[in-house]
1. Run the dipole for the chain about the Cα centre, Lys and Arg Cβ at +1, Asp and Glu Cβ at -1, nothing else charged, and hand back the magnitude in debye, nearest 20.
2. Which of THR311, THR344 comes first, and how do the rest follow, when ranked by fewest Cβ neighbours within 10 Å?
3. For region 376-457, what does the relative contact order come out to in percent, with C-alpha contacts under 8 Å and a separation of six or more?
4. Across region 272-353, how large is the tail of the calculated P(r) beyond 14 Å, expressed as a percent of all Cα pairs?
5. Relative to the compact globular guide of 2.2 N^0.38 Å, what is the alpha carbon radius of gyration of region 81-127, as a ratio?
6. How large is the charge dipole for region 216-310, taken about the Cα centre, if only the Cβ atoms of Lys, Arg (+1) and Asp, Glu (-1) carry charge, to the nearest 20 debye?
7. Name the residue farthest towards the positive end of the dipole of the chain from the options LEU50, GLY238, ILE204, assuming +1 on Cβ of Lys and Arg, -1 on Cβ of Asp and Glu, about the Cα centre.
8. Mind grabbing the base-10 log of I(q)/I(0) for region 96-160 at q = 0.12, 0.13, 0.19, 0.23 Å⁻¹? Debye formula, identical points on the C-alpha positions, no solvent, two decimal places.
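What follows draws every value from the coordinates through simple rules; no lab data is involved. Note that the structure is a prediction, hence the values are computed from the model and not measured. Here Cβ is always computed from backbone atoms with ideal geometry, including for glycine, and neighbour counts include all displayed protein chains.
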Amino acid sequence: MVGNEPARRIRFNAFAINGVGHQIPGLWRHPQDRSRDYTSLKHWTELAVLLEDAFFDGIFLADALGPYDVYGGNADAALRAAAKIPMNDPLPLVGAMAGVTEHLGFGITASTAAEHPYTFARRMSTLDHLTHGRVGWNVVTGYLKSAAENMGESDQLSHDERYDRADEYMEVLYKLWEGSWEDDAVALDTEHDTFADPAKVHPINHHGRYFTVPGIHLSEPSPQRTPVIYQAGASPRGIAFAADHAEAVFVAAPTLPQVARQVALVREGLEARGRGGAAARIYALVTIVVDESDDLAQAKYRDVFSYASETGNLVLNSGWSGIDLSKENLDAPLDPVKTDAIQTTVSSLSGAQHGPQRWSVRDSARLNATGGPVLVGSGETVADALEAIMDQTGVDGFNVAYALNPGSWEDIASYLIPVLQARGSYPTRAEPGTLRHRMFGSGDHLPSSHPGATHRR
Ligand SMILES: Cc1cc2nc3c(=O)[nH]c(=O)nc-3n(C[C@H](O)[C@H](O)[C@H](O)COP(=O)(O)O)c2cc1C
């Protein structure tokens, strides 16, 4: 439907993690949950086929590089609740899932604090080749002190400096992906013993504040060159970073006015950069519990969420906010504080975002853990709710977290997608092409208005 889109087009990403517990710790204990199978390749290849057949834009794989050890000052509670630990590397899953699909996109989270941009550039080019241009990268800057410490640092950089460093990281990558190899550098000239023409492969000569990369990119140009750039910054500095780089933005907030505000800020930022407000697709985080009827869905919701772990939620919120919530009065709102972790979580927990309605830490933690609304009902009810969210917030689609893995996505395929298709707001057949082309309908490469394009020759 790209290029000939209906008035309302709903886009879905599936939000997953290479581990047992994701947004809602505790649900792994439900008898129908299969998260525990995350170490099996079959678990992932079957999920990829399910999502491709349901015409999802992609699967988005979260990641973090340290244990959530803020709560109680150690990782004990995180380990008990499987709150983002164990957590395996998302990258190797992509090759396997790409092998059994043709269209599904892959949004991979990788932190700019984790790896030097030179080696990271090659990893992403490799995956973009192997997937025929279906790779996106969720750029994160890290927020866990534990991750920095385990990589030999005494602490992480301050919140805003992490974004400054990430800006330079992006510059190095654009130079490697967009500028190093010319389009016709691969000559395949058997007669003159020339695979690639050295005159058309350029050293990037990058000497910056954080990185020095003098040489050429190791990979020949991949279908998209730069993978589709995803981002989820929510602070003023994070939104500025998104406005500079992002082509897909994830927003997560417990109330719709907050989502709408974030969407407006991102679109304003894009406009201010001259990219146009629609230069990024914006996906809101939702959890969907859907069944044949409203009553069945409500019963399922009560059953599944009875397994949620309150301590697990507090562990995640402590990690995101940088505040040890084991020391707080859970029945009162938190006093506003400044930390170096995720600022939006801090203001959410402190009730600063909820206006006159000051939620207790317990309530905020519960709402934050789902990361957005939980929509419960029949296909018709949920479709109405999704349309209402789009109307009220201006998002392009949804980043769909699971309650049961993969049951939540199976239910969406069975009960919701046929309703959306009947309403004409969802594809009924596969859309070919690279991830970028499927998302925007205007080719495989970064548009000329994107700052990365300035590094092209
Ligand atoms: C839907 C969503 C998914 C996210 N996934 C990750 C992730 O997998 N890894 C990570 O380090 N940060 C992740 N984040 C955190 C963001 O990268 C970012 O730190 C956060 O949104 C706060 O932005 P700020 O740092 O500008 O305050 C995610 C955020 C959202 C909204």
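1. On the way: 38 positive and 57 negative charges, 118 e Å.
For this selection, approximately 560 debye.
2. THR311, THR344
3. Relative contact order of region 376-457: 20 percent.
4. Value for region 272-353 (Cα pairs over 14 Å): 75 percent.
5. With N residues counted in region 81-127, Rg over 2.2 N^0.38 Å equals 1.35.
6. On the way: 9 positive and 11 negative charges, 111 e Å.
Here region 216-310 has a charge dipole of around 540 debye.
7. Looking along the dipole axis, the top candidate is GLY238.
8. With one equal scatterer per Cα and no solvent, log10 I(q)/I(0) is -0.40, -0.46, -0.78, -0.95.
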